[in-house]
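The values are calculated or read from the model by the stated rules, or taken from the named source; none is laboratory data. Just so you know, these numbers come straight off a predicted model, no measurement behind them. Every residue, glycine as well, gets a Cβ built from its backbone with ideal geometry; the counts of neighbours run over all protein chains shown.
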Amino acid sequence: MQHKVIDTKDVVIRFAGDSGDGMQLTGSLFADMSAIFGNELSTFPDYPAEIRAPHGTVSGVSGFQVHIGSEHITTPGDFCDLLVAMNPAALKANAKWLKRTAMVLIDSDTFDDAGLARAGFEGDPIAEMHIEDRTIIVAPITTLTHESLKDSGLDKKTIEKCKNMFTLGMACYIYNRPMEYIFQYLERKFGKKKPQLVEPNKKVLKDGFNYAANIQAIANTYSIEPADQPKGLYRNINGNQATAWGLLAAAEKANLPLFCGSYPITPATGILEELAIHKSLGAKTLQAEDEIAGICTAIGAAFAGNLAVTTTSGPGLSLKSEAMGLAVMTELPLVIVDVQRAGPSTGIPTKTEQTDLNQALYGRNGECPMVVMAAHSPAGCFDAAFNAAKIAIEHMTPVLLLTEGFLGNGSEPWLIPSMKDYPKIVPPFVQPNVPYKPFHRDPETLARKWAVPGMAGCEHRVGGLEKNHDGVISSDPQNHEMMVRERMEKVQRVANYIPELQVNGPEKGKLLVVGWGGTYGHLLSAVQEARAEGIDVSFAHFDYILPLPKNTEEVLGNFDRILVCELNSGHFVNYLRGVLPQYKYEQFNKVQGQPFLVQEIVAAIKENL
Amino acid sequence: MPRYTFKEFKSDQEVRWCPGCGDHGVLAALQRALPDVTEALGYNKERYVIVSGIGCSSRLPYYMNTYGFHSIHGRATAISTGIKVANPDLTVWQACGDGDALAIGGNHFIHAIRRNVDINIILFNNQIYGLTKGQYSPTSRFGAISKTSPYGTVEHPFNPGSLVLGAKGTFFARSLDSELKLTSEIMLSAAKHDGCSVMEVLTNCVIFNDGAHKLIADREVRADRTIILRHGEKMIFGKNRDKGIVLDGMGLRVVTIGENGITEDDILVHDAHSENVGIHMMLADMKYPEFPVALGIIRDVKDVTYDDGVRDQVAEVKAKSKIQCVDDLLRSGSTWEVK
């Protein structure tokens, strides 16, 4: 058989196995290696809530999808070109994601009667999944790994753990990946602590690569050329890490210490963990006794003059509601990050959704407005967190930043910015020797001045009770209504300080696709695909939800129809219907704990023409 | 350093507690204690922050001319913790009630104590929800009649002292609302204590739970039914100073000096600084009529504080780390150049 190397624009690879098989690591290494090679990429970890679900069952399947390309990549891809299935359950859970032309690599050692039974197969798994027409590469990966390492001196259990490296080696062959990066990684990871593991892992990796080269089953390999990227220094970053770093950047620009009070919760914990590492930048992290203590310690820290942050996910946001009201009432700067997950209640903790928007906008007692914004990509979380902090501080208001599990865990290459290109953040500290009244406002922003304990002569009291401008408790009806309006107006005026809404595509037309948050990449791909088919469609994506960008009305008014796409039952579209009722809105919604597929959006666009 | 008087600590706000409310006594004690604290520790007035939750006692910050935060029900301890960790140079005082600190805020309360955050918590214990007009609280005695327990409660109360000591508290003291001088004295010691100080003040709610502490607090019986513990002094009490506490097997016992061959030498000497919590627990648990109720500082021991720990760790990591600014951070770890 003649071996061919086929140049291809992009490929999607999905690594799937038991949650203990190391699939997240395998996928990440493949992604990192591709990034360094110069490809564009996007990743999507899709893992179960259980740390080690029952071995070999469908519920325990952990997946990691990576989309690499020689052109701009905005999504982890709908369907895959290669599925690596380390056991029958992985095949069962993921066969639906196969392209018609896909290859499937399976570890035949795990496809025994017991393995098939655990996955719920009754007969031939290939036939049961109706994938006979795909290229199935059957390799006894477990046996080959043992064979490869029989003289390594490692015990059986340790050898077993190396089979993901064998698989990775095979994938490297199929996609012509240079393996040096992985060698360096293995040296970094094991070099000092477990040097005996470096050489065996390298050997398995190379043996996997050579095995793939020698068997006849793989007719062609693929080459994905480096993308034409802007020059500069790059790194991979996931959304939670980017959020943490954006907050650190804001603290530096504001010259304030960073305080984060949080309680561990999936999928937000990564932010707290990341901040806990960076004490050298002055970050104080407090792992609180509960979600309420998380936000309340942060509110205390804000009162004491820190850049205060609390991070959580949906159920935690519910618990924080009352304290969020306190932050609104005391008009203290506070950043609340909600990494949304599938709800309600505990829901599906590891799966992504946009179902907290209503809670973000309306989930508090009383008239309780705060700035609500969203991040639109993993690396975009950096700027989103930075801007959230800047607004919170300069406008003396809590800001709720919505990200999503899809963003928090997903990663992409990032052209590393320089802090000199970021704006200063100027806390509205009270001037010394000016009589201080806590709720006297800046005429432009309506922000109050910030007097921090320790400043002589500015002693004052804040709290949850309604007050007048002088900070004296008041239940006067007119005063209350005035303060309610001022707090709302203060949030609305943030619109004067945020970027206008951008339109991708023609500024006037029949159909405008609208989205917010982490669906950006999928929506952009879909709109571009539809336009390539000659469809008249444009796209506008919202990073700011409350307040809306100032030109929102103008942008929406230029289109006959507006199609709002979100991973919920229609929170944003209903919000728009309330704020700008003069336009005709269509909606496309999905609530499956999964990101959109580009093809679903394209279909929705066609239906709404 | 100016010498303050209680006047500087009084705000211009009208005090709105009911006439005869025990909270007046605590406020007066605090306003009298803070000038002494300020002098003893060399503080400025602007470094005080007084935090509260919700309830009658939580109005206290408005009556103090200091920085103040009147927060939400139960959360004062979490807010105090945040303030102190964010800026350890501040001196944080907290006013909270038995419902506020021990029911809705119980979790924050025990965890601040466990962490030993250097804050001073005044726990106003009137054994009732006053601001909501008379429901039983977690410290109401078993069987207490209230609006939500018209036939008597069927639940056991917390003893704040044993809760604090059980949570590894480093400072616990108890006073009465009417013992102004003792309360002020305790406050000064609490301020000097580096760590979480809890001062329980047994307060009287004249409207909804009048006389809750009457059995021990009435002037005529107080000397016989309470004992004021002072570190290094013998545990002697009574109008005639003839009663004392002795160790009897694994427990405590009240004895009369001069009876059954008991002399002053047999009486226990109070050691508030003892690491061993056993005897402090027994003292905090003493109940009338078997025992006098212990007032004064029951426990005052040294331990590392959370806020110092956080600050020191930041300084330590900063001194060692290669990452000194965000630009360093962004370029740390695995990166690659596109040329």
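Take the stretch A:537-572 and flag every residue that is closer than 26 Å to A:ASP78 by Cβ, in a loop (DSSP other than H, G, I, E, B) and either in contact (Cβ under 8 Å) with a residue 60 or more places away in the chain or hydrophobic (A, V, I, L, M, F, W, C) (or both).
Selection gives A:ASP543, A:LEU567, A:ASN568, A:SER569.
Given the structure, is A:ALA451 over 24 Å from the mean Cα position of the chain (by Cα) and either of a type in the set (Asp, Glu) or within 25 Å of A:CYS260 (Cβ to Cβ) (or both)?
Details: over 24 Å from the mean Cα position of the chain (by Cα): yes; either of a type in the set (Asp, Glu) or within 25 Å of A:CYS260 (Cβ to Cβ) (or both): yes.
Yes.
Give the residues of the stretch B:144-154 that are part of a loop (DSSP other than H, G, I, E, B) and either under 21 Å from B:ALA101 (Cα atoms) or touching a Phe, Trp or Tyr at 6+ places or on another chain (Cβ under 9 Å) (or both), sorted by residue number.
Scanning the stretch B:144-154 gives B:ALA144, B:ILE145, B:LYS147, B:THR148, B:GLY152, B:THR153, B:VAL154.
Go through the stretch A:450-481 and give me each residue that's more than 14 Å from every other protein chain (Cβ to nearest Cβ) and surrounded by 14 or more Cβ atoms within 10 Å (Cβ to Cβ). Spell out the reasoning first.
First pass over the stretch A:450-481, keeping only residues more than 14 Å from every other protein chain (Cβ to nearest Cβ): A:469, A:476-481.
A:HIS469, A:ASN479, A:HIS480 - these are the residues of the stretch A:450-481 that are more than 14 Å from every other protein chain (Cβ to nearest Cβ) and surrounded by 14 or more Cβ atoms within 10 Å (Cβ to Cβ).
Condition check ((1) facing chain A (nearest Cβ under 10 Å); (2) among the β-branched types (Val, Ile, Thr); (3) not in a strand (DSSP E or B)) across all residues:
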| site | (1), (2), (3) |
| --- | --- |
| B:GLU14 | no, no, yes |
| B:CYS18 | no, no, yes |
| B:LEU30 | no, no, yes |
| B:LEU34 | no, no, yes |
| B:VAL37 | no, yes, yes |
| B:TYR43 | no, no, yes |
| B:PHE69 | yes, no, no |
| B:HIS73 | yes, no, yes |
| B:ALA78 | yes, no, yes |
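Residues of the stretch B:193-207 being over 20 Å from B:THR81 (Cβ atoms) and either surrounded by fewer than 21 Cβ atoms within 10 Å (Cβ to Cβ) or out of contact with any Gly (no Cβ under 6 Å at 6 or more places or on another chain) (or both), which ones?
B:VAL201, B:LEU202, B:VAL206, B:ILE207 - these are the residues of the stretch B:193-207 that are over 20 Å from B:THR81 (Cβ atoms) and either surrounded by fewer than 21 Cβ atoms within 10 Å (Cβ to Cβ) or out of contact with any Gly (no Cβ under 6 Å at 6 or more places or on another chain) (or both).
Of everything in the stretch A:497-551, what is among the polar types (S, T, N, Q) and within 19 Å of A:LEU361 (Cβ to Cβ)? Give them in sequence order.
Across the stretch A:497-551, the qualifying residue is only A:THR519.
Kindly check whether there is at least one residue in the stretch B:96-103 that is facing chain A (nearest Cβ under 8 Å), assigned to a helix (DSSP H, G or I) and closer than 22 Å to A:ALA323 by Cα. Spell out how you get there, then give the answer.
Going residue by residue through the stretch B:96-103, those that are facing chain A (nearest Cβ under 8 Å) are none.
So far as the stretch B:96-103 goes, no, none of its residues is facing chain A (nearest Cβ under 8 Å), assigned to a helix (DSSP H, G or I) and closer than 22 Å to A:ALA323 by Cα.
If A:LEU248 passes every condition in (1) within 25 Å of the chain's Cα centre (by Cα); (2) in a helix (DSSP H, G or I); (3) more than 10 Å from every other protein chain (Cβ to nearest Cβ) but one, which one does it miss?
A:LEU248 satisfies every listed condition except (3).
I'd like to check something: does the stretch A:20-31 contain any residue that is surrounded by 20 or more Cβ atoms within 10 Å (Cβ to Cβ), at pLDDT below 95, on the phi > 0 side of the Ramachandran plot and not aliphatic (A, V, I, L, M)?
Looking through the stretch A:20-31, at least one residue is surrounded by 20 or more Cβ atoms within 10 Å (Cβ to Cβ), at pLDDT below 95, on the phi > 0 side of the Ramachandran plot and not aliphatic (A, V, I, L, M).
Any residue at all in the stretch A:423-437 that's buried (at least 24 other Cβ atoms within 10 Å of the Cβ) and out of contact with any Lys or Arg (no Cβ under 9 Å at 6 or more places or on another chain)?
Checked the stretch A:423-437: no residue is buried (at least 24 other Cβ atoms within 10 Å of the Cβ) and out of contact with any Lys or Arg (no Cβ under 9 Å at 6 or more places or on another chain).
Can you tell me which residue is surrounded by the fewest Cβ atoms within 10 Å (Cβ to Cβ) among those in the stretch B:292-339 that are facing chain A (nearest Cβ under 8 Å) and small (Gly, Ala, Ser)?
The extreme case among them is B:GLY333.
Which of the following residues is of a type outside the set (Gly, Ala, Ser), surrounded by fewer than 20 Cβ atoms within 10 Å (Cβ to Cβ) and assigned to a helix (DSSP H, G or I): A:ASN210, A:ASN240?
Only one candidate passes the filter, namely A:ASN210.
Can you name the number of the only condition in (1) closer than 30 Å to A:ILE141 by Cβ; (2) more than 12 Å from chain B (Cβ to nearest Cβ) that A:ASN236 fails?
If we test A:ASN236 against (1) closer than 30 Å to A:ILE141 by Cβ; (2) more than 12 Å from chain B (Cβ to nearest Cβ), just (2) comes out false.
This table checks each residue for (1) part of a helix (DSSP H, G or I); (2) more than 19 Å from A:PRO378 (Cβ to Cβ).
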{"residue": "A:LEU25", "(1), (2)": "yes, no"}
{"residue": "A:MET33", "(1), (2)": "yes, no"}
{"residue": "A:HIS55", "(1), (2)": "no, yes"}
{"residue": "A:HIS67", "(1), (2)": "no, no"}
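Being surrounded by fewer than 24 Cβ atoms within 10 Å (Cβ to Cβ) and within 8 Å of chain A (Cβ to nearest Cβ) is the requirement here; does B:ASN65 meet it?
Working: surrounded by fewer than 24 Cβ atoms within 10 Å (Cβ to Cβ): yes; within 8 Å of chain A (Cβ to nearest Cβ): yes.
When the stated conditions are applied, B:ASN65 passes them.
Can you report the number of residues in the stretch A:277-300 which are more than 7 Å from every other protein chain (Cβ to nearest Cβ) and without any contact (Cβ under 8 Å) to a residue 12 or more places away in the chain?
1
Restricting attention to the stretch A:323-359, and to residues there that are buried (at least 20 other Cβ atoms within 10 Å of the Cβ) and free of Cβ contacts under 8 Å to residues at least 60 places away in the same chain, which single residue is farthest from the other protein chains (Cβ to nearest Cβ)?
The selected residue is A:GLY343.
Given the conditions (1) surrounded by fewer than 24 Cβ atoms within 10 Å (Cβ to Cβ); (2) more than 10 Å from chain A (Cβ to nearest Cβ), which single one is not true for B:PHE124?
(1)
Taking the conditions exactly as written (more than 23 Å from A:GLU225 (Cβ to Cβ) and either within 14 Å of another protein chain (Cβ to nearest Cβ) or buried (at least 23 other Cβ atoms within 10 Å of the Cβ) (or both)), does A:GLY38 satisfy them or not?
Values: more than 23 Å from A:GLU225 (Cβ to Cβ): no; either within 14 Å of another protein chain (Cβ to nearest Cβ) or buried (at least 23 other Cβ atoms within 10 Å of the Cβ) (or both): yes.
Taking the combined requirement at face value, the residue does not satisfy it.
Can A:LEU415 be described as closer than 30 Å to B:LEU330 by Cα, touching a strand residue (DSSP E or B) at 6+ places or on another chain (Cβ under 8 Å), within 14 Å of chain B (Cβ to nearest Cβ) and surrounded by fewer than 19 Cβ atoms within 10 Å (Cβ to Cβ)? First the steps, then the outcome.
On the way: closer than 30 Å to B:LEU330 by Cα: yes; touching a strand residue (DSSP E or B) at 6+ places or on another chain (Cβ under 8 Å): yes; within 14 Å of chain B (Cβ to nearest Cβ): yes; surrounded by fewer than 19 Cβ atoms within 10 Å (Cβ to Cβ): yes.
Taking the combined requirement at face value, the residue satisfies it.
Looking at (1) surrounded by fewer than 19 Cβ atoms within 10 Å (Cβ to Cβ); (2) modelled with pLDDT of 95 or more, which is the one condition that is false for A:ASP155?
Evaluating A:ASP155 over (1) surrounded by fewer than 19 Cβ atoms within 10 Å (Cβ to Cβ); (2) modelled with pLDDT of 95 or more leaves (2) as the failure.
Conditions (1) in contact with a Pro (Cβ under 7 Å, 6 or more places away or on another chain); (2) at pLDDT 95 or above; (3) on the phi < 0 side of the Ramachandran plot, marked per residue:
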position	(1), (2), (3)
B:PRO88	no, yes, yes
B:ASN116	no, yes, no
B:ILE119	no, yes, yes
B:ILE122	no, yes, yes
B:TYR136	no, yes, yes
B:ARG141	yes, yes, yes
B:LYS147	no, yes, yes
B:GLY152	no, yes, no
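Between B:VAL85, B:VAL92, which is at the interface with chain A (Cβ under 7 Å from one of its Cβ atoms), buried (at least 24 other Cβ atoms within 10 Å of the Cβ) and not in a loop (DSSP other than H, G, I, E, B)?
B:VAL85
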